[in-house]
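Take a look at the structure set out below.
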Amino acid sequence: MKPYLIISQILYLLSLIPWIVIWGMSFMSFDAGIGIWNTSFVLIITLYPVAILICSILAWVFRLKKKRFSVIINLVPSLWIIAFFCFMFVYS
């Protein structure tokens, strides 16, 4: 359990490098004007590091008593990664 958490969180940490570029480019969605969809898009991208931090803390807290819950909660930030790759696949 411990190696799984360490490896997955190192991968999440490494994913913050391309996130910075994607986050900076997400503000270009406001070029067409400010709208609810543009704001939601930037907000969702901005919440990725918050999700990593909160889910990592919760995964370590629950790793001894509720292992299955710990694994599931640790996989929540991967939803952003999966959504990104799906978006890239659909629009390429």
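With the simple spin-label model, which puts each label point 7 Å out from Cα in the Cβ direction, the Phe41 to Val71 separation comes to 3.6 nm. The three principal axes of the C-alpha atoms in the chain carry coordinate ranges of 49, 25, 21 Å, sorted with the longest axis first. The phi-based Karplus calculation (6.51 cos²θ - 1.76 cosθ + 1.60; θ = phi - 60°) puts the 3J(HN,Hα) values of the range 15-25 at 6, 6, 5, x, 4, 4, 5, 5, 5, x, 6 Hz, whole numbers, x for Gly and Pro. So which trypsin sites (Lys or Arg not before Pro) in the chain end up in coil per DSSP with only 10 or fewer other C-beta atoms within 10 Å? Counting only loop positions with at most 10 other Cβ atoms within 10 Å, the trypsin sites (Lys or Arg not before Pro) in the chain are Lys65. Using the Karplus relation 6.51 cos²θ - 1.76 cosθ + 1.60 with θ = phi - 60°, the per-residue 3J(HN,Hα) values for the range 78-83 come to 5, 4, 5, 5, 5, 4 Hz, with x marking Gly and Pro. For the chain, the solvent-accessible area of protein heavy atoms averages 74 Å² per residue (probe radius 1.4 Å; ligands and nucleic acids excluded).
The values are calculated or read from the model by the stated rules, or taken from the named source; none is laboratory data. Everything numeric in this text was worked out from a predicted model, so none of it was measured. Neighbour counts run over all protein chains shown; Cβ positions are idealised from the backbone, glycine included. To get the accessible areas, we keep the full protein, side chains included, count just its heavy atoms, and leave off ligands, DNA and RNA. Shrake-Rupley method; radii C 1.70, N 1.55, O 1.52, S 1.80 Å.
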